[in-house]
Amino acid sequence: MLSRSMSRPIHAQRHTLRRAHHHRTVSRTISIIGAGRVGQTFAKRLRKLGWRIGAVVTRSRGSACAAVRAIGAGTPDAALTSEVLDADVILLSVPDDVLESVGQKLAKIGGEKLHGKIVLHTSGALDHRVLAPLARRGAFTGSMHPMQTFSGRGAPRLDGVIFSIEGAPPARHAAQKIASALGGTPVIIHANDKPAYHASGTSVAGHALALVESATQTLMKIGFTRGRANQALLPLIRQMLDNYQLLGPRAAWTGPLSRGDYATISKHVKALRQFPREFQDAYAALALLSARVLSNKPSATSTKLTGTLKLRGKKSH
């Protein structure tokens, strides 16, 4: 009989073999339309997992060739052609404002050949219904969106990242397998909920960045260098996030509003009069939001806070 210490490596080996077998059983061919940051990241990782990369379509021949080099496989093309239909899965990773038109063009090119194909897009705000012309030709349409930021500088982390998935059942099934293969955690959501889902991510990755930059500029206004401002704020942000994860929102909440110190808030309001109006409005809006989502007594806190915020100056610079 094997000892426990000897059995662990065998168990780990079996797990590795099952994982490798899983990747082989779901390996397919995928065409990428719009091989920008998201499309390249997905394609490169899927290639390493054994997927065959088909057509790689971008707006120009040069960018398509560059995408193929970055991915390590694929056939570059600067226009939609029937070659994209040679794949089992077609991934549309294009900007939201052109997604519908790209879908319409693909529907015209594909015709009956689209029947039974899986067509997925990566938009965070739009759902599978934007690809209705493809569905009418028999394609199974859906969307898969990673709750992750893609800066274009290096490959972002996808392990454990939430992928929102919705669409026709066969498309959802395929998207779940792809998300899992990429190391993500697939979560099925309703098509109508995609805008709210995306707003949540934008609040954190987009608007929060503006908040950090405004705090940085506030310190620079009073004499800090940008480097010193970063040194002051980044550890504060990281500790706040650690506390949020470990303790929960209310236990992690600090600052004058959390302890009912309206006199200090009044000083903040007066100090921000020397800054652009957006700085003042953002402070007020975030304070009211904090009262709503973090306070044990949101109505009472909001009432007291509103009286303090009325002290805001009417002029901004």
*In a shell of Cβ-Cβ distance under 12 Å around A263, excluding A263 itself, what net charge do Lys and Arg (+1) and Asp and Glu (-1) give?*
+3
*Can you give me the relative contact order of the chain as a percent, contacts being Cα pairs under 8 Å and 6 or more apart?*
10 percent
*Can you list which of the trypsin sites (Lys or Arg not before Pro) found in the stretch 118-170 are DSSP loop residues with at most 15 other C-beta atoms within 10 Å?*
R136, R153, R157
_Inter-label distance for D96 and A285, nm, one decimal - labels placed 7 Å from Cα along Cα-to-Cβ_ = 1.6 nm
*First obtain the Kirkwood hydrodynamic radius of the stretch 172-262 from its Cα pairs, then insert it into the Stokes-Einstein equation at 10 °C and 1.306 mPa s, and state the resulting D in µm² per second as a whole number.*
96 µm²/s
*About the Cα centre of the chain, how large is the charge dipole given +1 on each Lys and Arg Cβ and -1 on each Asp and Glu Cβ? Please answer in debye to the nearest 20.*
780 debye
_Acute angle (nearest 10 degrees) that the helix 298-309 long axis makes with the longest principal axis of the chain, alpha-carbon atoms_ = 60 degrees
_Suppose the chain between R273 and A70 were pulled fully straight at 0.36 nm per residue; how much longer would it get relative to their current alpha carbon spacing?_
68.2 nm
*Hey, how many Å between the Cα centroid of the stretch 226-267 and the Cα centroid of the stretch 73-106?*
45 Å
*Determine, at each q value in 0.19, 0.23 (inverse angstroms), the log₁₀ of I(q)/I(0) that the Debye formula gives when each Cα of the stretch 197-309 is one equal point scatterer.*
-1.24, -1.55
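Sort V161, V269, V293 so the one with the fewest other Cβ atoms within 10 Å of its own Cβ comes first.
Ranked by crowding around the Cβ, least crowded first: V293, V161, V269.
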_Please list 3J(HN,Hα) in residue order for the stretch 103-118, calculated via the Karplus relation 6.51 cos²θ - 1.76 cosθ + 1.60 where θ = phi - 60°; whole Hz, with x for glycine and proline._
x, 5, 5, 5, 5, 5, 6, x, x, 5, 5, 6, 4, x, 6, 9
*Distant-in-sequence amide H partners of G54 (H built 1.01 Å from N, under 5 Å)*: I30, S31, I32
*asked:* Please check: in the Gaussian network model of the chain (C-alpha springs, under 10 Å), which one of R37, R273, R61 has the largest mean-square fluctuation.
replied: R273
*Just round it to a whole percent: the fraction of Cα-Cα distances in the stretch 4-189 exceeding 19 Å.*
57 percent
*For V161, enumerate residues with amide H under 5 Å from its amide H, sequence gap 5+ or separate chain, H modeled in the peptide plane.*
T185
_Label zone at R52 (point 7 Å along Cα-to-Cβ), backbone N below 18 Å, the stretch 69-85_ = 72-77, 82-85
_Computed FRET value (nearest 0.05) for T81 with R37, which takes r as the C-beta separation and R₀ as 25 Å_ = 0.60
*With θ set to phi - 60°, apply the Karplus curve 6.51 cos²θ - 1.76 cosθ + 1.60 along the stretch 232-241 and write out the HN-Hα couplings as whole Hz, x wherever there is a Gly or Pro.*
6, 8, 5, x, 5, 5, 5, 5, 4, 5
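Please report S302, S31 as a ranked list, fewest other C-beta atoms within 10 angstrom at the top and most at the bottom.
S302, S31
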*Backbone HN-Hα couplings from phi across the stretch 163-170 [Karplus 6.51/-1.76/1.60, Hz, Gly and Pro as x]*: 10, 7, 9, 7, x, 5, x, x
*Can you give the calculated 222 nm mean residue ellipticity of the chain, where each DSSP H run of n ≥ 4 adds -39,500 (n - 2.57) and the sum is split over every residue, rounded to the nearest 500 deg cm²/dmol?*
-16500 deg cm²/dmol
*If the chain were replaced by its equivalent ellipsoid, with semi-axes equal to the square roots of 5 times the Cα gyration tensor eigenvalues, what would those be, largest first, whole Å?*
45, 26, 20
*So how far apart, in nm, are the two label points at T29 and S180 if each is 7 Å from Cα heading toward Cβ?*
2.5 nm
*At what distance in nm do the modelled label points of R61 and D88 sit from each other, each positioned 7 Å from its Cα along Cα→Cβ?*
3.3 nm
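All of the numbers you see were taken from the coordinates with simple rules; none came from a lab. These numbers come from a predicted model, not from an experiment. All Cβ positions, glycine included, derive from the backbone under ideal geometry; neighbour counts span all protein chains shown.
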